[in-house]
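The values are calculated or read from the model by the stated rules, or taken from the named source; none is laboratory data. Worth saying up front: this structure is predicted, and the values here are computed from it rather than measured. Because the Cβ atoms are built from the backbone with ideal geometry, glycine has one as well, and the counts that use them run over all protein chains shown.
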Amino acid sequence: MKTLLLMRHAKSSWKEKDLPDQDRPLKKRGKKNAVQMGEFLKTKQLIPQRILSSTAERASKTAAYIAKECGYKDEIDYRQDLYMAEPGAIINVLRSVPDEIDRIMVVGHNPGLEGLAQILDGRVVSLPTASVAYIILPLKSWDELNDATDGQVVDVYQVKGK
């Protein structure tokens, strides 16, 4: 049994209109929400064994705040192929995860994350900024993961308040 935590990056800033999309930073609220979600995951004992993150500034900072607040001790794997990735691309990344890893977190972007949750569970899942979909997968090996895997979204955690 494997556990997948899909996290949409926290709220980003649109203040600097000329900034490339990949370089948009977090808003103050985004930082606060990422910290809150990290603390929440720690209380739920859902600390990932590996964190994979898009290289976009808003995603990589979200991942860093999550890691610090939940007590994650390893390096975060920042991956360009997760930037605005479609569900199939995310599956391909996950298929290369070593089998000794049972719980993994992917920090990325919509619509790819919502699409992947829907493919795995069969239900429409909404992931607002800084939210986490907690998915159980009936797998012994990550390389078994595909678009026919029958996963279960146990819950979607959202930060309350602004």
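If I ask for residues that are polar (S, T, N, Q) and surrounded by 14 or more Cβ atoms within 10 Å (Cβ to Cβ), which ones from segment 56-91 would you list? Full working, then the answer.
Keep residues of segment 56-91 that are polar (S, T, N, Q), which gives 60, 62, 80.
Residues satisfying the conditions are S60, T62.
For the residues D155, D143, D147, the requirement of being assigned to a loop (DSSP other than H, G, I, E, B) and more than 13 Å from the chain's Cα centre (by Cα) singles out D147.
Checked against (1) under 26 Å from A64 (Cβ atoms); (2) in contact with a Leu (Cβ under 8 Å, 6 or more places away or on another chain), A130 passes all but a single condition, namely (2).
Residues checked against (1) modelled with pLDDT under 95; (2) hydrophobic (A, V, I, L, M, F, W, C):
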position: L6; (1), (2): no, yes
position: W14; (1), (2): yes, yes
position: A34; (1), (2): no, yes
position: M37; (1), (2): no, yes
position: P48; (1), (2): no, no
position: S54; (1), (2): no, no
position: R58; (1), (2): no, no
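The set of residues from segment 52-102 being polar (S, T, N, Q), closer than 15 Å to H9 by Cα and part of a loop (DSSP other than H, G, I, E, B) comprises just one member, T55. When D150, D121, D143, D155 are checked against the criterion of being surrounded by fewer than 20 Cβ atoms within 10 Å (Cβ to Cβ) and in contact with a Gly (Cβ under 7 Å, 6 or more places away or on another chain), a single residue qualifies: D121.
From the list V93, V107, V124, the one residue that fits, being within 23 Å of V154 (Cβ to Cβ), touching a residue at least 60 places away in the same chain (Cβ under 8 Å) and not aromatic (F, W, Y), is V107.
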